[in-house]
Protein chains: 2
Amino acid sequence: MDRGLRDLKREATREALAKAAFELTRERGLSGFVTADVVERAGYSRRTFGNHFSCKEEAVASVAFGGVDDASAILAGLPADLPLLDVLLAVMKTQFTTDALVRMRELMAMARRYPTLEPHVLGVQQRMRHTAQELLGSVAGDRYPTVYVPLLFGAVYGAVMAALEGTLDVDLGGEYDPSPASMDYSSFLDITFDYLRHGF
Amino acid sequence: MDRGLRDLKREATREALAKAAFELTRERGLSGFVTADVVERAGYSRRTFGNHFSCKEEAVASVAFGGVDDASAILAGLPADLPLLDVLLAVMKTQFTTDALVRMRELMAMARRYPTLEPHVLGVQQRMRHTAQELLGSVAGDRYPTVYVPLLFGAVYGAVMAALEGTLDVDLGGEYDPSPASMDYSSFLDITFDYLRHGF
DNA sequence: GAGCAAAATTGCCCAATGTGCACATCGATG
DNA sequence: CATCGATGTGCACATTGGGCAATTTTGCTC
């Protein structure tokens, strides 16, 4: 996606700002700091912050955007005629790593504390969904009806997010557990895809 | 949900503000008006607006929140031992009416025009999802494993939203079509549930 | 009805935010 | 190395968010 050094620097700026905003939220809570604090920590100007994000919340949420980096690499290792359901399972296992999910989960936990954060967390999830869905669509080709891909992907993504939310409900009120020990991601995916494969 | 007349009036205020914000977005675009214009049209004070919404976007998005109104009425007409999949199908057909979907679709179309709107549209979707999921969970009882309900519901909801988004892609660039003629909602649900029932 | 407590709305105020503009700087392209 | 476009910055200013206290409205009880 990124072509040259220019884009890399831009991304670095964005990530530095996002990281600073995220850490400040950890330390002082969402209302415990202002944008000026963020840019001071990251070493940029307030105006630059505005060039990248429209508000604090957007910056905080953006840290959980683990891009679907090297699509070609993942797909290269798969047989071209692999059923789409299995391709999707592979993508979900390799792209949505537990690391990415842990980050996302912490963000979702934050969103419970600070309601204004939630819409932007959902925005990040939406962008990730679109990215991965396009990836899946590119390998589906014309093997399946047009509704098949968004339907299938919507189902899987919805299930994963619902499950992730479920792990947040176990520790209500108190501090959240940054590691989702209550969910075995890999086996959860197996159960999910078993349902999808054979019906509910 | 609402206790008395007091809550009704509060809701009326909220809805009046939301409606005004929504119409102003239609007429002038999201950046073509300020909160002062909204409260002037609705007949309230700027401060009151702040009591209900944290920003313009939230107000605009909230118009699409069609609450799952009378849960008991819907469920009363269903056999107690109806398989959950069929209960869900009934809920999706009666609660998520085409009217509600048309509103949601227009909002999603707006969100494409005005990116800052998107997170809040997703927030509304999220709230609707939770409401309906709780409703479903209340009738599931202990007939199914704990993961079954969120998994199933996540799948259906994800599929519906993905399909709804799909209808937006048909008219790219130009004006959007407020009526989703390209999607026959009822038969779409049938196809979706057929996949869920018998596997992908 | 009359009175009262809770809740909603309002006005005031000010820090925080969003954003247009002009300008300097740096990477990309040839 | 010369030019162009994109990025970061400083400044200015309208808009916004939200605390506080006063005021009105509502629901309930007598």
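Since every read-out is calculated from the coordinates, none of them should be taken as a lab result. Fair warning: this is a prediction, and the values are worked out from it, not measured in the lab. Cβ placement follows ideal geometry from the backbone for every residue including glycine, while neighbour counts extend to all protein chains displayed.
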Per DSSP H run of at least 4 residues, take -39500 (n - 2.57); add these up for the protein assembly as shown, divide by its residues and hand me the 222 nm value, nearest 500 deg cm²/dmol. -22000 deg cm²/dmol
Along Cα→Cβ at 7 Å, what distances in nm separate the A:Pro83 label point from those on the other copies, shortest first? 1.9
For chain B, set up a Gaussian network in which alpha carbons nearer than 10 Å are linked by springs, and say which option among B:Ala140, B:Ala16, B:Ala76 fluctuates the most. B:Ala76
Above 27 Å lies some portion of the pair distances; for the protein assembly as shown, what is it as a whole percent of all C-alpha pairs? 55 percent
Pick from A:Leu88, A:Leu78, A:Leu189 the residue whose mean-square fluctuation is largest in a GNM of chain A, springs joining Cα atoms under 10 Å. A:Leu78
Which values of log₁₀ I(q)/I(0), to two decimal places, follow from the Debye formula for chain A at q = 0.15, 0.16 Å⁻¹ with a uniform point scatterer at every Cα? -1.00, -1.10
How far, in nm to one decimal, is B:Thr35 from itself in the other copies if the label point is set 7 angstrom along Cα toward Cβ? Shortest first, please. 1.6
Tell me, what HN-Hα J-couplings in whole Hz come from the Karplus equation 6.51 cos²θ - 1.76 cosθ + 1.60 at θ = phi - 60° for each residue of region B:120-125, using x for Gly and Pro? 6, 4, 4, x, 5, 4
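Counting only other chains, what is the mean number of Cβ atoms within 10 angstrom of the Cβ of each residue in peptide B:119-132?
4
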What distance in nm separates the simple spin-label points at A:Ala80 and B:Ile191, each placed 7 Å from Cα in the Cβ direction? 2.7 nm
Can you give me the pair-distance distribution of region B:5-62, C-alpha pairs, 5 Å bins, whole percents? 4, 22, 35, 24, 10, 3, 1
Would you mind listing the distances between the A:Thr98 label point and the same position in each other copy? Use 7 Å along Cα-to-C-beta, nm, one decimal, shortest first. 4.8
Could you tell me how many degrees, from 0 to 90 and to the nearest 10, lie between the Cα long axis of helix A:98-113 and the main elongation axis, the longest principal axis, of the Cα atoms of chain A? 50 degrees
When chain B is modelled as a GNM with alpha-carbon springs shorter than 10 Å, which of B:Ala111, B:Ala64, B:Ala155 fluctuates the most? B:Ala155
